[in-house]
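Student: Let me begin by handing over the structure; questions about it come next.
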Amino acid sequence: MSMYSVTKELPSVEILKIFEDLELHPLTAQLLHQRGIKSKDEAKRFLNPSYEEDIKDPFEIHGMKVAVTRIVDAMKQGETIAIYSDYDCDGIPGGVLLRTFFQDIGYPHILMYVPHRHNEGYGLHNHAIDALKEKGVTLIITVDLAITNIEEVAYAKSAGVDIIVTDHHLPITKEIAKNIRQKAKKGDGVHDTVGVVQVVPDAVAVINSKQDICTYHDDMLCGCAVAWKLSCALLSALRDEQKAQESFHAVTSKKLHVKSKIQNADSEEYKKVLHTVAELKPGYEKWLLDLVGISTIADMVPLVKENRALVYFGLKVLRQTKRHGLQHIFRNQGVALQHITEDDIAFTIAPRINAASRMGDPIQAHHMLFEKNSIQAQKYVEDLEILNTERKAGVKDILSTISFDHAVYQNDVIVVGDMSWGPGILGLIAQNIIDETGKPTFVWGQGEDKNTVKGSCRSRGDISVVELMARTQESFPGVITHAGGHEQAGGFSCAVTRIGELSYALNQSRSHVIQKEVVSEDLVAHAHLTLFDVDYTTYQAIEVLAPFGVGNPKPLFAFSNVRPSSVRWFGKKGEHLEIVYPRQSATGGTVSGEVKSIMFFAPKELEEKAKREHTLLAHFEKSVFRGKVELRLRIREII
């Protein structure tokens with residue numbers, strides 16, 4: 001049986017006193033206080049994100065100045081630059097963003113490369129470096145990958161190809177023995193201890209605020225956001241240089257501290273770039289934030305600090321997007337542009353972008369976002385729709401074969417797979433398993449050839465899958481041949497001949513990984529409300545805290561002792577549940593009107609629970625479908 005609790009509330013008078021003069025709704029004040037916001041200044045900052053104050057100077061990120069200098073030098077020489085992006089809903093928008101930026105400043109020598117999830121796998125690859133070099137590429141800018149590609153970056157360097165890494169994943173760590181001399185009561189002593197250091201690629205520049213050496217205020221930007229920071233830095237430097245040349249005929253910008261390799265006059269092509277930059281409207285870079293907003297929400301990074309501002313402004317841009325592909329998707333799904341929310345990104349845009357790499361070719365998603373021709377963009381959207389339908393069917397088929405009574409699900413680390421399982425849906429399978437068991441889960445399927453399997457892994461946060469795989473690689477060499485990702489999600493490769501060892505190796509290594517405490521999975525409501533409270537005044541009191549996501553969860557409310565007037569199933573296959581309640585006053589009396597609540601893909605057993613008196617746990621939701629606006633509740637649980 002599901003359990004729930006309600007967050008302890010301070011008296012409204014006491015809460016409102018903290019935020020006096022802000023004229024906040026009592027519920028808004030309570031929700032702010034629950035989020036750790038305890039002063040008027042913090043509340044103002046949270047409720048009113050500021051582009052100027054919340055989004056910091058990109059040059060504060062370690063490696064940015066060197067990266068900008070190298071790219072500017074490349075443009076001065078007319079070098080061919082490759083953008084090498086990951087294939088998910090962070091890397092794809094990030095790659096489109098950089099490609100759009102170079103196109104908009106008029107630099108023509110740009111190639112795009114997106115590795116195929118099935119045929120190549122995640123990360124930077126030597127064969128891709130070779131292929132790009134044959135096309136004349138001398139500089140590769142990665143997006144959302146390569147922080148762990150130590151050997152591949154070294155290979156590129158030996159081949160005469162420079163790499164600039166932009167990424168947000170965790171760097172590789174390595175334990176090293178240190179001799180520490182410390183004072184003891186009876187004199188000095190030398191003691192052996194173990195230290196952990198980060199190992200990053202020997203690239204021209206590594207732009208990743210998760211580096212220990214980086215002091216940037218926010219180390220949780222997504223990959224697309226890091227690419228956007230690079231474009232902002234480039235634009236700033238180019239504008240400075242254009243102004244300097246125009247006013248003082250200077251050769252280099254004051255922000256380019258590394259001396260340019262170019263000693264002769266700038267090329268005519270580069271001068272055209274500077275001229276184009278001068279023609280860009282002030283604030284041009286803000287119009288790229290629709291892509292940053294999509295990636296930040298899709299990659300589930302915390303919506304606090306700079307990320308909150310990026311999504312806040314990203315949604316404003318998205319509601320005015322000129323990208324034909326996005327316009328077609330929203331139109332097809334009945335979503336009005338002016339009412340787009342973070343939920344529309346998470347449940348409408350992200351699955352379709354990810355479906356390209358999971359079920360087809362990721363470049364299809366890239367084309368959908370980048371395409372300037374509306375008719376062609378519509379074709380890409382139709383292709384993605386087919387792939388997304390196939391994805392959902394594939395996941396459903398595999399989950400139907402799983403029995404959680406099997407012995408494999410009793411292990412501390414669950415390892416399952418089959419050569420018939422496509423690698424594109426393994427992460428979705430892993431997430432479903434961990435939702436059921438709560439245990440670290442590794443799911444594998446077919447690799448790029450008959451000798452290799454590819455896999456995805458998930459954790460609920462108590463065990464870092466990156467650390468677990470690193471420990472396994474140290475203790476059981478050769479079992480996991482490639483690994484990377486975040487603490488809660490990652491990918492790996494394994495030789496077919498060693499797949500039988502994978503479960504044992506991971507479970508043995510599990511004991512050497514520190515387990516963190518995680519918040520109980522019992523449902524926690526933010527407040528008790530009555531059905532009489534379900535109105536637009538309450539909705540507005542909640543909505544001022546948006547955008548919601550990781551780090552700023554959508555408020556959940558408990559409605560106690562409610563009984564519906566109707567319960568019905570709807571949808572093409574009758575898979576969605578609608579429950580309608582008579583609107584009640586605070587004292588329980590019925591007043592005019594009704595309150596509608598829905599749950600998509602609801603379990604069938606919920607119907608009987610719904611027909612009895614119960615406690616409803618739900619979020620507020622304003623639905624705008626094909627022009628019809630409706631305030632309703634989105635059911636989380638019925639108890």
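Student: What is the Cα coordinate range of region 489-614 on the first, second and third principal axes, sorted by size from largest, in whole angstrom?
Tutor: Cα extents, longest axis first: 68, 35, 24 Å.
Student: Enumerate lysine pairs in region 283-393 that are 8 or more residues apart or on different chains, then count those whose Cα atoms are under 18 Å apart.
Tutor: Summing the qualifying lysine pairs gives 6.
Student: Residue by residue, what Karplus-based ³J(HN,Hα) values in Hz, rounded to whole numbers, does region 360-368 have, using 6.51, -1.76 and 1.60 with θ = phi - 60° and x for Gly and Pro?
Tutor: x, 10, x, 5, 4, 5, 4, 4, 4
Student: Can you find, among 301, 242, 164, the residue farthest towards the positive end of the dipole of the chain? Put +1 on the C-beta of Lys and Arg, -1 on that of Asp and Glu.
Tutor: Of the options given, the answer is 242.
Student: Go through region 417-515 and name the trypsin sites (Lys or Arg not before Pro) that are in a DSSP coil and have 15 or fewer other Cβ atoms within 10 Å of their Cβ.
Tutor: Here the sparse-neighbourhood loop sites are 450.
Student: In the chain, which longest range has no chymotrypsin sites (Phe, Trp or Tyr not before Pro) that are both DSSP loop (not H, G, I, E or B) and surrounded by at most 14 other Cβ atoms within 10 Å?
Tutor: Result for the longest clean stretch: 1-403.
Student: Further question on the same structure: Take the Cβ-Cβ distance between residue 305 and residue 389 as r, set R0 to 35 Å, and report the resulting FRET efficiency rounded to the nearest 0.05.
Tutor: 0.40
Student: Moving on to the next point. If exposed GluC sites (Glu not before Pro) are those in a DSSP loop with at most 11 other Cβ within 10 Å, what is the longest stretch of the chain that has none?
Tutor: 24-516
Student: Calculate one ³J(HN,Hα) per residue across region 598-610 by plugging θ = phi - 60° into the Karplus curve 6.51 cos²θ - 1.76 cosθ + 1.60, and present them in order as whole Hz with x for glycine and proline.
Tutor: 9, 9, 7, 6, 6, x, 4, 5, 6, 4, 5, 5, 5
Student: For region 377-468, give the magnitude of the charge dipole about the Cα centre (Cβ charges: +1 Lys/Arg, -1 Asp/Glu; no others), in debye to the nearest 20.
Tutor: 40 debye
Student: In debye to the nearest 20, how big a dipole does the chain give about its Cα centre with +1 on each Lys and Arg Cβ and -1 on each Asp and Glu Cβ?
Tutor: About 520 debye.
Student: Further, regarding this structure: Which number comes out as Rg/Rh for region 77-152 once both Rg and the Kirkwood Rh are worked out on C-alpha atoms?
Tutor: 0.95
Student: Related question: Near the amide H of residue 551, under 5 Å away, which other amide H atoms are found, from residues 5 or more places off or on another chain, if H is placed in the peptide plane?
Tutor: Counting only residues 5 or more places away or on other chains, the set is 303.
Student: Fully extended, how many nm does the chain gain between residue 80 and residue 275 (0.36 nm per residue separation, minus their Cα-Cα distance)?
Tutor: My answer for the length gained is 68.2 nm.
Student: State the label only: which of (1) 42, 32, 27; (2) 48, 37, 26; (3) 40, 29, 21 corresponds to semi-axes √(5λ) of the Cα gyration tensor in Å computed from the shown model?
Tutor: (1)
Student: A further question on this structure: Hey, can you find the accessible area per residue of the chain for me, probe 1.4 Å, expressed in square angstrom?
Tutor: Accessible area per residue: 46 Å².
Student: Can you tell me the FRET efficiency between residue 202 and residue 119 if r is taken as the Cβ-Cβ distance and R0 is 22 Å, rounded to the nearest 0.05?
Tutor: 0.20
Student: Next question. Any idea how many Lys pairs in region 513-639 come in under 19 angstrom at the alpha carbon, given 8 or more places apart or on separate chains?
Tutor: So the count works out to 9.
Student: Also: Say the dipole of the chain comes from +1 at the beta carbon of Lys and Arg and -1 at that of Asp and Glu; which of 446, 582, 139 then lies farthest toward its positive end?
Tutor: Towards the positive end, the residue furthest out is 582.
Student: Multiply the residue gap between residue 408 and residue 240 by 0.36 nm, knock off their C-alpha separation, and tell me the result in nm, one decimal place.
Tutor: Stretched out fully, the residue 408 to residue 240 stretch lengthens by 54.4 nm.
Student: Using Cα centres only, tell me the gap between region 95-149 and region 493-568 in whole Å.
Tutor: Distance between centres, Cα-based: 36 Å.
Student: On a C-alpha basis, how far is the centre of region 348-405 from the centre of region 40-79 in Å? Whole number, if you could?
Tutor: 32 Å
The values are calculated or read from the model by the stated rules, or taken from the named source; none is laboratory data. What you see is a predicted model, and the numbers here were worked out from it, not measured in a lab. When we count neighbours, we look across all protein chains shown, and the Cβ atoms used for this are built from the backbone with ideal geometry, even at glycine. SASA here: full protein model, heavy atoms, side chains in, ligands and nucleic acids out. Shrake-Rupley method; radii C 1.70, N 1.55, O 1.52, S 1.80 Å.
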